[in-house]
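Novice: Here it is, the structure in full.
Throughout, read-outs are computed from the coordinates displayed, never taken from laboratory work. Computed from a predicted model, the values in this text were never measured in an experiment.
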Amino acid sequence: MTGENTDIITMEPPHIYVERTLALIKPDVINKSEEIEDIILRSGFAILQKRRVHLTPEQASDFYAEHYGKMFFPSLVAYMSSGPIMALVLARDQAISYWTELVGPTNTFKARETHPDCLRAIYGTDDQRNALHGSDCFSTAQREIRFFFPNSVIEPVATGVAAVDYLSKTVNPTLLKGLTNLCKQKPEDPVIWLADWLIENNPNKPRVAQMIVEEPK
């Protein structure tokens with residue numbers, strides 16, 4: 001049952017930064033969220049923020065935009081908007097890789113064969129209803145955390161391999177698309193036009209202002 005917006009639960013310790021990643025507890029196992037959170041904490045993660053939300057189909061489409069056009073995309077969107085989910089910001093040293101390992105392979109059937117102790121093997125149902133989601137790299141974690149927690153400040157600024165990864169996956173494709181449109185439009189003031197286009201098409205732009213936030217039960 002949905003209700004009025006509630007405050008996001010924030011449990012971030014002061015003056016501490018470690019790597020962060022986004023975790024989602026999906027609709028079919030939301031009733032197991034406390035049990036899963038306990039496993040997360042016992043695995044060495046800190047839960048910095050969490051919120052229980054119910055995505056609309058449009059918001060689920062935005063979150064999984066990278067899969068747009070794939071055969072499973074409509075059923076994925078329907079599944080992720082079918083009920084409430086729990087979004088969690090997790091932190092620890094090498095949080096992204098450790099969470100990926102704890103969650104296990106995407107396909108539940110493969111997970112049961114190769115990683116029987118992982119969370120998807122334990123809680124997943126099939127190749128799509130796999131119980132949990134995790135960010136796959138630094139830039140994805142940044143985008144996904146901001147999707148659910150628009151006011152999050154994610155530090156430090158990416159450097160080295162992380163910076164190259166972020167530029168190649170997020171900045172360069174967006175900039176190339178903007179420059180291509182600029183050449184097509186040929187505006188009188190190309191600098192202002194491009195600046196406006198980049199603001200409007202920022203891939204990190206929050207798109208979940210109207211998400212239904214559920215009352216704690």
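Novice: For region 161-200, take N as its residue count and report Rg(C-alpha) divided by 2.2 N^0.38 Å.
Specialist: The value comes to 1.31.
Novice: With the cut-off at 26 Å, tell me which of the pairs 50/110; 32/110; 50/177 have Cα atoms farther apart than that.
Specialist: In this structure, 50/110; 50/177 exceed 26 Å between Cα atoms.
Novice: Using amide H atoms built in the peptide plane, which far-off residues or other-chain residues are under 5 Å from residue 49 H to H?
Specialist: Here the answer is 11, 89, since their amide H atoms fall under 5 Å of that of residue 49.
Novice: How large are Rg and Dmax for region 45-179 when only the alpha carbon atoms are used, in Å?
Specialist: Every Cα atom of region 45-179 included, Rg and Dmax give 15.8, 48 Å.
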